[in-house]
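Participant: Here it is: the structure, laid out below.
The values are calculated or read from the model by the stated rules, or taken from the named source; none is laboratory data. Note that this is a predicted model, so its numbers are computed, not measured. Virtual Cβ from ideal backbone geometry, glycine too; neighbours counted across all protein chains shown.
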Amino acid sequence: MLVQWENLRNYQIDAINFIARKRGRCLISLCPGAGKSYVALFLRKKYPKLKKVLIVCPSSIKLQWKTEVGKIFPEDSAIVLTGSSPDNPNLADKDFVIINYDILNRDKKNSWADYLKNQGFDLIVFDESHKLKNREAARSKGAAALALNCKHVVLLTGTPITSNVLDLWHQFYLIDPMNFRSFNTFMWKFCPLKKINVNKGNRNIEIEVPGKTRNIVELNQLIGHYFFQKSEKEVYKELPEMSKIIIPVDLSNYNDYEKAENKFRKSTGNMLEASNNLQATRMVIGQGKVQPTLEWLKDFFETSSDEKLVVFGYHRAVMEQLHTSFGANKSVLYYGGMNDKAKEEAKQKFIHDKNIKVFFANIKSAGEGLDGLNTVCNKVVFIEYSYVPSDNTQAMARVRRMNSTFKNYFSYWMVAENTLDEKILKILDNRTKNNSLVLTGKEISEKELLMELFKNR
């Protein structure tokens, strides 16, 4: 089905006009499911002189981008590049070239980045641009080589910040290398490092980690010239509402949990040991939620037998146990270690097989590039959640999208009562607010960061 101008939302049109005003170099941040790809593609439709377009994206969504191109430009040619290095492909007659970050490596001879920078692209689109936050990564160096050789560069992401404000620097360097020429200057002005002690082997060592964000108003002014963002509230006015429902559960292995938590609380004063013990506790919590989750699923389908659910978790072992116990004839499993063919088969089975009721998925692997679930499902369940708030947001967006047909959407959160689970969820909620405040120019507090668990154990 062809997509026309009349199919666009108002905020998408606003984003396209913003790019035009900024002469085609900016970062567009829209929440997951808001149709960021249409912004870039309709920019090209509005300005036909942008004939040759390079799209750089995660591997999982390369084919999705090709599909979207076909919906808007059915007469144009598109190619998806593969292989670790170029074999001199003829790109002269290709209107759209699509490549994934993993093979965009400038640290080796005969790289894709060096080959593509001389292909005369009129527009480069970096999708999920937060993948480029690490300036030292090979993909980031490759992206810089491309961006500095192209007049029009558009970055797309729903989560410009995944950890701290230092995530922003390289993304905006790709847009304006003059005003963002020094990472160190940016760091010391907005997020200076602080020293902490960690245990390595049998000795304590001192390391530097990002500290408290400061000069927020000035930071917002600096990035604001190149930055377009619509809040979730603004976007979701045009999206179906999603309700958040907390499901309190009792851990089936509470004795094991108490032992793990006690070990965590007795951690010595270094972050590494505390972090390792927290991760162990986290695994115990996930395992302890399997049985109560299975009971909840049983009750759910007794009254909602025609519905389907997407269930997200963090640990593969936990998801495998759920899948096996619930029934392989009634569910599918989706995780990072699967090849692309197996992932696609699992997705299609969930969408088209009426007997498959549950899609058990790892948050990380299913958070990006997994489309189509929204056609048959309007509910997600979190048995575990990521410590990176944007991962959870991306996961929920698998069912809440622009082309969804449901009127209402629901997220269910399995929270173990009287455990660290409750504290972690609260910190995540506050951390989500804090990252949002950075991008709106308001002051934030560091007190609700995840490390509070270490400080107040």
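Participant: Within segment 233-250, can one find any residue that is buried (at least 17 other Cβ atoms within 10 Å of the Cβ), more than 26 Å from the chain's Cα centre (by Cα), more than 30 Å from residue 145 (Cα to Cα) and modelled with pLDDT of 80 or more?
Facilitator: Checked against the condition, which is being buried (at least 17 other Cβ atoms within 10 Å of the Cβ), more than 26 Å from the chain's Cα centre (by Cα), more than 30 Å from residue 145 (Cα to Cα) and modelled with pLDDT of 80 or more, segment 233-250 yields at least one hit.
Participant: For segment 363-409, give me each residue that is modelled with pLDDT of 90 or more, buried (at least 22 other Cβ atoms within 10 Å of the Cβ) and outside any loop (DSSP other than H, G, I, E, B).
Facilitator: Selection gives 380, 381, 382.
Participant: Do we have any residue at all in segment 32-46 that's assigned to a loop (DSSP other than H, G, I, E, B) and either in contact with a strand residue (DSSP E or B) (Cβ under 7 Å, 6 or more places away or on another chain) or at pLDDT 90 or above (or both)?
Facilitator: The answer is no; no qualifying residue exists.
Participant: Next question, about the same structure. Given the conditions (1) part of a helix (DSSP H, G or I); (2) modelled with pLDDT under 90; (3) in contact with a Gly (Cβ under 9 Å, 6 or more places away or on another chain); (4) not basic (Lys, Arg), and given that residue 102 satisfies all but one, which numbered condition is not satisfied?
Facilitator: It fails just one condition, (3).
Participant: In segment 320-379, how many are in contact with an Asp or Glu (Cβ under 9 Å, 6 or more places away or on another chain) and among the hydroxyl-bearing types (Ser, Thr, Tyr)?
Facilitator: 1
Participant: Related question: Look through segment 410-424, keep the residues that are buried (at least 17 other Cβ atoms within 10 Å of the Cβ) and assigned to a helix (DSSP H, G or I), and return whichever of them is farthest from the chain's Cα centre (by Cα).
Facilitator: The extreme case among them is 420.
Participant: Any idea which of 289, 341 is of a type outside the set (Asp, Glu) and either surrounded by 21 or more Cβ atoms within 10 Å (Cβ to Cβ) or in contact (Cβ under 8 Å) with a residue 24 or more places away in the chain (or both)?
Facilitator: 289
Participant: Right, another one. Hand me the list of strands (runs of 3 or more DSSP E) wholly inside segment 145-219 holding 1 or more residues that are over 19 Å from residue 128 (Cβ atoms) and in the same structural domain as residue 53 (by TED's automatic domain parsing).
Facilitator: Per the criteria, 193-200, 203-210.
Participant: Which of the following residues is part of a loop (DSSP other than H, G, I, E, B) and on the phi < 0 side of the Ramachandran plot: 92, 20?
Facilitator: Of the residues listed, the single one that is part of a loop (DSSP other than H, G, I, E, B) and on the phi < 0 side of the Ramachandran plot is 92.
Participant: Is segment 28-39 home to any residue that is free of Cβ contacts under 8 Å to residues at least 60 places away in the same chain and of a type in the set (A, V, I, L, M, F, W, C)?
Facilitator: no
Participant: Look through segment 134-154, keep the residues that are in contact with a strand residue (DSSP E or B) (Cβ under 9 Å, 6 or more places away or on another chain) and farther than 18 Å from residue 112 by Cα, and return whichever of them is surrounded by the most Cβ atoms within 10 Å (Cβ to Cβ).
Facilitator: Once the filter is applied, the top-ranked residue is 154.
Participant: Might you let me know whether segment 174-181 holds any residue that is among the acidic types (Asp, Glu), farther than 23 Å from residue 430 by Cα and in contact (Cβ under 8 Å) with a residue 40 or more places away in the chain?
Facilitator: yes
Participant: Going by the structure shown, is residue 353 closer than 19 Å to residue 301 by Cα, of a type outside the set (A, V, I, L, M, F, W, C) and out of contact with any strand residue (DSSP E or B) (no Cβ under 7 Å at 6 or more places or on another chain)?
Facilitator: Considered against the rule, which asks whether it is closer than 19 Å to residue 301 by Cα, of a type outside the set (A, V, I, L, M, F, W, C) and out of contact with any strand residue (DSSP E or B) (no Cβ under 7 Å at 6 or more places or on another chain), residue 353 comes out as yes.
So that you can scan it fast, the table gives a plain yes or no per residue for (1) under 20 Å from residue 404 (Cα atoms); (2) aromatic (Phe, Trp, Tyr); (3) touching a Phe, Trp or Tyr at 6+ places or on another chain (Cβ under 9 Å):
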residue	(1), (2), (3)
299	no, no, no
315	no, no, no
319	no, no, yes
324	no, no, no
327	no, no, no
333	no, no, yes
359	yes, yes, yes
